[in-house]
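Here, each number is a calculation from the coordinates, and none is a lab measurement. None of these values were measured; they are calculated from a predicted model. Quick reminder, even Gly has a Cβ in these numbers, built from the backbone with ideal geometry, and neighbours come from all protein chains shown.
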Amino acid sequence: MKKIQALYTLFLLLGLITGAWCQAATPVPKAPAVGAKSYLLQDFHSGQSIAAKDADQPMEPASITKLMTAYVVFTEIRNGSLALSDKVRISEKAWRTQGSRMFVEVNTLVNVADLLKGVIIQSGNDATVALAEHIAGTEASFAALMNHHAKELGLTNSNFMNSTGLPDKEHYTTAHDIAIIAHALIDEFPEYYQWYSEREFTYNDITQYNRNKLLWRDESVDGVKTGHTDSAGYCLVTSAKRDGMRLISVVLGTRSEEARADATQSLLNYGFRFFETHKLYDADNKLTTARVWKGATESVDLGLDKTLYITIPRGEYKNLDAAMKLQDQIVAPVSQGQALGHVVVRLADKLVSEKDLVALQTVNEGTFWQRIVDEAMLYFE
């Protein structure tokens with residue numbers, strides 16, 4: 001009876017949240033065919049993939065690498081070991097690095113903020129190497145830092161050999177891993193992420209323009225990064241936000257600047273036109289209460305440790321079903337955050353999301369007599 005009541009409670013909560021969403025469902029066509037070796041379109045909040053092709057295939061990322069470089073630099077700033085006002089001496093190695101440049105001069109001192117803008121807006125390899133050497137001593141040591149942070153972020157198929165993305169057969173990542181990096185930049189460093197939307201940057205009286213063409217074409221686009229080498233092709237990572245819904249697009253291995261922009265625009269338009277994202281439940285909010293046996297208290301509140309978002313075809317919100325599955329018998333002690341069941345969300349017969357239901361409080365063991373009484377009651381359960 002209690003389990004049925006818990007199920008009803010969750011359905012009721014879902015109904016209260018979704019009551020206003022009753023528009024007709026929109027037919028969803030196949031994702032557009034784009035000329036890229038690999039791509040991924042993903043919702044920022046839910047993390048759900050909307051469209052993908054070979055998203056877990058290792059690829060050469062070119063200057064998309066600089067997203068990971070920037071993440072490491074931002075982390076150093078957050079940790080207090082680096083400041084935007086710090087001066088960085090430009091080594092001859094940094095000055096001589098081939099490819100796109102910020103045009104810093106050897107042995108000059110440049111502040112971290114300017115170098116970061118040179119990396120983000122101008123894609124300067126010289127600025128990138130200068131930051132890497134300043135933080136880790138050598139670019140190789142900085143690459144080791146990149147791989148350390150990549151592992152912490154949950155990247156499973158990436159390896160970085162340098163800070164710039166210049167070709168190396170052991171330097172690779174995937175569209176899926178790149179989306180994780182982009183999400184982390186947006187989520188963890190919003191104060192610096194805004195630089196990715198800047199269209200130009202002037203240093204040493206030289207003005208260079210952001211190579212992300214969509215910053216001029218689509219006002220919903222606010223970043224992220226371009227990349228190109230002969231072997232990698234033309235690559236583009238983009239994020240856009242419309243009516244509260246944010247998408248991340250990763251396009252790798254197209255034939256031209258125009259092709260990567262067109263492919264990205266097609267994917268973004270498809271995602272925003274045919275899908276919608278909704279917040280179902282906030283983190284740490286009580287969704288139900290479960291009976292606890294042999295505990296100092298007889299019940300524990302259950303909820304989610306992270307806010308639950310879902311991405312579904314437009315107009316299908318009213319057709320969602322949500323239910324809870326709880327452990328048959330929960331016996332103390334119970335630790336806060338301990339998984340004691342699942343929230344399962346389905347659309348028709350398709351699983352949309354399944355998340356752990358966790359204890360929102362700790363429940364210690366009860367007294368000797370409480371445990372004896374509950375042991376007897378459990379016998380008849």
Counting each DSSP H run of 4 or more residues in the chain as -39500 (n - 2.57), what helix-only mean residue ellipticity at 222 nm follows after dividing by all residues, to the nearest 500 deg cm²/dmol? -10000 deg cm²/dmol
What number comes out for the charge environment of Tyr39, summing +1 per Lys or Arg and -1 per Asp or Glu over other residues with Cβ under 11 Å away? +2
Dipole magnitude (debye, nearest 20) for region 38-275, charges at Cβ of Lys, Arg, Asp, Glu: 240 debye
Against the longest principal axis of the chain, how steep is helix 66-78, in degrees 0 to 90 to the nearest 10, with axes from Cα atoms? 70 degrees
Whole-Hz ³J(HN,Hα) from phi, Karplus 6.51 cos²θ - 1.76 cosθ + 1.60, for region 215-230, glycine and proline x: 5, 9, 8, 10, 5, 7, 7, 10, x, 10, 7, 9, x, 7, 9, 4
Hull volume per residue for region 102-143, using the convex hull of the C-alpha atoms, in Å³ is 64 Å³
For 34-41, 334-341, ranked highest to lowest by mean beta-carbon neighbours within 10 Å, the order is 34-41, 334-341
Scaled to the compact-protein estimate 2.2 N^0.38 Å, what is the alpha-carbon radius of gyration of region 232-338, rounded to two decimal places? 1.66
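Cross-link list Lys225/Lys318; Lys37/Lys87; Lys66/Lys241; Lys286/Lys318; Lys53/Lys355: which exceed 30 angstrom alpha carbon to alpha carbon? Display every interim value, and only then the final one.
Values: Lys225/Lys318 37 Å; Lys37/Lys87 40 Å; Lys66/Lys241 22 Å; Lys286/Lys318 23 Å; Lys53/Lys355 26 Å.
From Lys225/Lys318; Lys37/Lys87; Lys66/Lys241; Lys286/Lys318; Lys53/Lys355, over 30 Å: Lys225/Lys318; Lys37/Lys87.
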Within region 258-275, the residues whose backbone N lies under 16 Å from a label point placed 7 Å from the Cα of Asn319 along the Cα-to-Cβ direction are 274-275
Considering amide H positions built from the backbone, and no H for Pro or chain starts, which residues 5 or more places from Ser100, or on another chain, come under 5 Å of its amide H? Asn125
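How much net charge surrounds Leu67 when only other residues with a Cβ under 11 Å from its Cβ are counted (Lys, Arg +1; Asp, Glu -1)? Mind dumping the intermediate values first?
On the way: positive: Lys66, Lys225; negative: Asp177.
Counting the neighbours of Leu67, the net charge comes to +1.
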Collect residues whose amide H, placed 1.01 Å from N in the peptide plane, falls under 5 Å from the amide H of Arg246; neighbours closer than 5 in sequence don't count. Phe44, His45
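With all pairs of different alpha carbon atoms counted, what Kirkwood hydrodynamic radius in Å does the chain show? Display every interim value, and only then the final one.
Values: mean 1/r = 0.0431 Å⁻¹.
Hydrodynamic radius (Kirkwood, Cα only) of the chain equals 23.2 Å.
How large is the Kirkwood hydrodynamic radius of region 166-245, in angstrom, based on all distinct alpha carbon pairs?
On the way: mean 1/r = 0.0702 Å⁻¹.
With all distinct Cα pairs of region 166-245 included, I get 14.3 Å.
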Quick one: the Cα spread of region 146-203 along its three principal axes, in angstroms, biggest first? 33, 26, 19
Relative contact order computed over the chain (Cα-Cα under 8 Å; 6+ residues apart), in percent: 18 percent
By the mean-Cβ-within-10 Å protection proxy, highest first, 299-310, 243-254 rank as 243-254, 299-310
What aspartates and glutamates sit close enough to Lys306 to cross-link, taking a C-alpha to C-alpha distance under 15 Å and skipping anything fewer than 8 places away on the same chain? Asp187, Asp282, Asp284, Glu354, Asp356
